[in-house]
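Asker: One structure, as structure tokens, below. Some questions next.
The values are calculated or read from the model by the stated rules, or taken from the named source; none is laboratory data. Everything numeric here is computed off the predicted structure, so don't read it as measured data. Ideal geometry is used to build each Cβ from the backbone, glycine not excepted, and the neighbour counts take in all protein chains shown.
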Amino acid sequence: MRTRFAGLFVALALTVFPLPSQAQDDGLRFGITVGGTSFVGLSLEFFDGSNSVEVTVGTWALQDVSLSIVGRQYFGAASMRPVVGLGLWTVIAWPGGSRPGMALVARAPIGFDWNPTGDHFLAADMNVTRGLLVRRPDPLDDTPMSRRLVPLPGLAYRWQP
């Protein structure tokens, strides 16, 4: 049921927003992110046609570093384009213990990229994440990692010089 709804949503988006695209075919975009893989982050996106690779560095509470690398596929030729991606996200945190904690997470963002004017882009996505590996700060803590899918919403502003 959810798969059908997602497919219908993407198909509807491709037909509802038939505005001419103002996006460049290739280049580099710089951005600021809120939510998703960090509370706040800086992103760099290498863009080539309808594909891109984005690297984001951020933090949740200034006691951690979050790094995400994701490949994205953009669809359509409208000013608002659906986008899906797949990548990895890692967080290293120093909570004050003897060793840092770390997590490696698979990330699949699904969302939209909107180009309202020339070089400026706004994006919203839902990051479907799943833990792959965890190293807890306490070496005696052997609590198993949760294998469930976790949705994390995110927003971004990107600028293409």
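Asker: Going residue by residue through segment 42-65, is there one that turns out to be in contact with a helix residue (DSSP H, G or I) (Cβ under 6 Å, 6 or more places away or on another chain), touching a residue at least 24 places away in the same chain (Cβ under 8 Å) and under 23 Å from LEU149 (Cα atoms)?
Answerer: no
Asker: Which residues, counting only those in segment 28-39, are closer than 17 Å to ARG107 by Cα, in a strand (DSSP E or B) and in contact with a strand residue (DSSP E or B) (Cβ under 6 Å, 6 or more places away or on another chain)?
Answerer: Passing the criteria: THR33, VAL34, GLY35, SER38.
Asker: Can you say whether VAL128 is over 14 Å from ALA156 (Cβ atoms), at pLDDT 90 or above and of a type outside the set (S, T, N, Q), as far as the supplied structure shows?
Answerer: yes
Asker: Any idea which residue in segment 149-161 is nearest to VAL57 (Cα to Cα), counting only those that are assigned to a loop (DSSP other than H, G, I, E, B) and touching a residue at least 40 places away in the same chain (Cβ under 8 Å)?
Answerer: GLN160
Asker: Which residues, counting only those in segment 134-161, are more than 23 Å from VAL84 (Cα to Cα) and not β-branched (Val, Ile, Thr)?
Answerer: Within segment 134-161, ARG135, ARG136, PRO137, ASP138, PRO139, LEU140, ASP141, ASP142, PRO144, MET145, SER146, PRO161 qualify.
Asker: Please find, within segment 117-146, the residue that is farthest from PHE47 (Cα to Cα) out of those that are without any contact (Cβ under 8 Å) to a residue 60 or more places away in the chain and out of contact with any strand residue (DSSP E or B) (no Cβ under 7 Å at 6 or more places or on another chain).
Answerer: LEU140
Asker: So, in segment 103-148, exactly how many residues are more than 17 Å from VAL34 (Cα to Cα), within 15 Å of the chain's Cα centre (by Cα) and hydrophobic (A, V, I, L, M, F, W, C)?
Answerer: Of the residues in segment 103-148, 3 are more than 17 Å from VAL34 (Cα to Cα), within 15 Å of the chain's Cα centre (by Cα) and hydrophobic (A, V, I, L, M, F, W, C).
Asker: Something else: From (1) in contact (Cβ under 8 Å) with a residue 24 or more places away in the chain; (2) closer than 19 Å to ARG130 by Cα, pick out the condition that doesn't hold for ILE69.
Answerer: Exception for ILE69: condition (1).
Asker: Return only the number of the condition from (1) touching an Asp or Glu at 6+ places or on another chain (Cβ under 9 Å); (2) at pLDDT below 95 that ASP138 does not satisfy.
Answerer: (1)
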